[in-house]
Amino acid sequence: MVRYADRAANVKPSTIREILHLTQQSEVISFAGGLPASDLFPIGRMREAADRVLSDAANLQYSITEGEVRLRELLAWQSAELADPSNFLVVSGSQQGLDLAGKLFVNPGDAVVVEAPTYLGALRAFDVYQATYVAVPSDGEGIEPSGVEQAFRNGARFLYLNPNFSNPTGRTMSERRRHQIVDLAEEFDAIVYEDDPYALLRFSGEFVPPMITMSSSNVLYAGSFSKILVPGLRLGWLSGPVPMIEKLTMIKQAADLHTSTTTQALAAEALADGFLERHVLQVRAYYLVQRDRMLQALTAHFPPGTTWTVPEGGMFIWVTLPVDLDATSLLSQAVAEGVAYVPGAQFFPNGGGSNTLRLAYSVATLVEIDQGIERLGRLIARSTS
Ligand SMILES: Cc1ncc(COP(=O)(O)O)c(C=O)c1O
């Protein structure tokens with residue numbers, strides 16, 4: 001028998017991938033996959049940019065691990081201290097940032113502190129490094145500081161958070177809470193991994209500063225081009241203190257030398273001359289309409305006893321069903337009736353959340369949102385009574 005490394009025992013099949021298979025049946029209305037709406041992809045702009053990119057052989061050559069300076073300059077939108085390209089590392093999708101951080105910060109058996117529920121892809125990335133999880137509950141302002149403090153007191157030194165319009169809950173952490181968490185990280189010399197792929201997708205409420213602007217030493221920030229341009233280029237970035245970025249750069253070099261020179265050049269070219277700022281306005285307006293339609297449909301069709309979040313940006317609504325309903329067992333019936341979602345239990349590393357589910361409003365058409373939510377509402381009402 002082939003002998004795999006111990007860490008391979010922790011690699012589990014991804015339920016998300018299984019669910020995405022379901023959604024490829026065209027008759028199923030899918031609120032499952034959190035894909036960006038392909039109607040928003042600026043294809044004409046990218047085609048013209050590609051033409052220019054491909055006329056320069058340097059864009060097809062090997063390049064430096066840190067990433068294209070033009071792209072890193074475009075990213076220097078954060079605090080004054082982090083306005084230098086040396087604070088940035090371009091990665092192959094922000095998902096790669098999770099893997100690199102796992103390599104840098106997580107020893108086998110280490111406790112990674114997460115909010116419960118949290119982004120499934122982060123759990124799967126840290127699983128490979130044989131992480132264990134401390135799941136800290138959250139309230140309306142975000143992860144509870146007392147739980148984080150306790151975890152740090154017990155020896156944990158790595159905290160993963162997705163503070164804006166979180167995947168899966170759609171909730172946003174308050175500014176006060178961000179300061180509290182950063183203060184704790186500094187006190188215990190712990191790292192906060194601030195995963196922020198939805199940052200620019202705010203369509204209501206007030207901007208809340210990222211934690212990276214609140215600490216010059218203990219926060220590693222991850223951003224993504226997937227939701228503001230296209231996910232197919234696989235482009236994201238890490239930003240943080242220079243010594244940390246240097247370590248991550250060496251680790252990335254060992255993994256893949258560098259992110260594709262060609263896709264980096266394409267993104268830099270497509271987003272230049274203020275296109276990024278103009279384009280995100282369109283992206284936000286689009287998702288606001290989608291969100292409002294889903295909220296209206298939920299109000300119209302979901303039975304009493306069911307509650308949901310109202311996100312100020314991003315792509316997700318988190319639904320809590322009456323306690324005796326199990327969203328995982330309900331899924332096969334939902335798919336049989338032509339509608340899919342992600343059962344919330346998936347997002348809890350240590351169990352719980354059986355009566356919760358995640359709905360993405362990004363991909364479905366407005367008519368599909370009405371029909372899908374009506375079907376789901378009927379199923380929930382039938383299962384409750
Ligand atoms: C919270 C979160 N982090 C990271 C990612 C990975 O994004 P990408 O690798 O496309 O940048 C996603 C994708 O959906 C996400 O929701």
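Any residue that is farther than 26 Å from SER224 by Cα, touching a residue at least 12 places away in the same chain (Cβ under 8 Å) and within 23 Å of the chain's Cα centre (by Cα) - is there at least one of those in segment 268-287?
no
Within segment 19-32, can one find any residue that is modelled with pLDDT under 95, assigned to a helix (DSSP H, G or I) and more than 30 Å from VAL363 (Cα to Cα)?
Within segment 19-32 (the criterion being modelled with pLDDT under 95, assigned to a helix (DSSP H, G or I) and more than 30 Å from VAL363 (Cα to Cα)), the answer is no, since none of the residues qualifies.
Are any residues in segment 226-244 surrounded by fewer than 22 Cβ atoms within 10 Å (Cβ to Cβ) and modelled with pLDDT of 95 or more, and if so, which ones?
Matches in segment 226-244: SER226, VAL230, PRO231, GLY232, LEU233, ARG234, PRO243, MET244.
Where the second residue is of a type in the set (Lys, Arg) and crowded, with 18+ Cβ neighbours inside 10 Å and the first is within 30 Å of GLN282 (Cβ to Cβ) and lies in segment 347-372, which pairs have Cβ atoms under 8 Å and are six or more apart or on separate chains?
PHE347/ARG358; TYR361/ARG291; TYR361/ARG293; LEU366/ARG293; ILE369/ARG293; ASP370/ARG293
Hey, any hits in segment 239-250 for a residue that's within 19 Å of the chain's Cα centre (by Cα), of a type in the set (S, T, N, Q) and within 22 Å of LEU104 (Cα to Cα)?
yes
Here is a list: ARG358, ARG382, ARG378. Which entry is assigned to a strand (DSSP E or B) and basic (Lys, Arg)?
Just a single option satisfies the conditions, and that option is ARG358.
Could you check segment 324-342 and list, in sequence order, the residues that are part of a loop (DSSP other than H, G, I, E, B) and more than 16 Å from THR306 (Cβ to Cβ)?
GLU337, GLY338
Looking at (1) closer than 18 Å to LEU71 by Cα; (2) within 16 Å of the ligand (Cβ to nearest atom); (3) in a loop (DSSP other than H, G, I, E, B), can you tell me which one THR172 breaks?
If we test THR172 against (1) closer than 18 Å to LEU71 by Cα; (2) within 16 Å of the ligand (Cβ to nearest atom); (3) in a loop (DSSP other than H, G, I, E, B), just (1) comes out false.
Scan segment 186-198 and report the pairs whose first residue is farther than 26 Å from GLY170 by Cα and outside the structural domain of PRO311 (by TED's automatic domain parsing) and whose second residue is away from the ligand (no atom under 16 Å from the Cβ) and hydrophobic (A, V, I, L, M, F, W, C), with Cβ atoms within less than 8 Å and a gap of 6+ or a chain change.
Note: pairs meeting the criteria are GLU187/PHE152; PHE188/PHE152.
The values are calculated or read from the model by the stated rules, or taken from the named source; none is laboratory data. Source: prediction; values computed, not measured. All Cβ positions, even for glycine, are placed from backbone atoms using ideal geometry, and neighbour counts span all protein chains on display.
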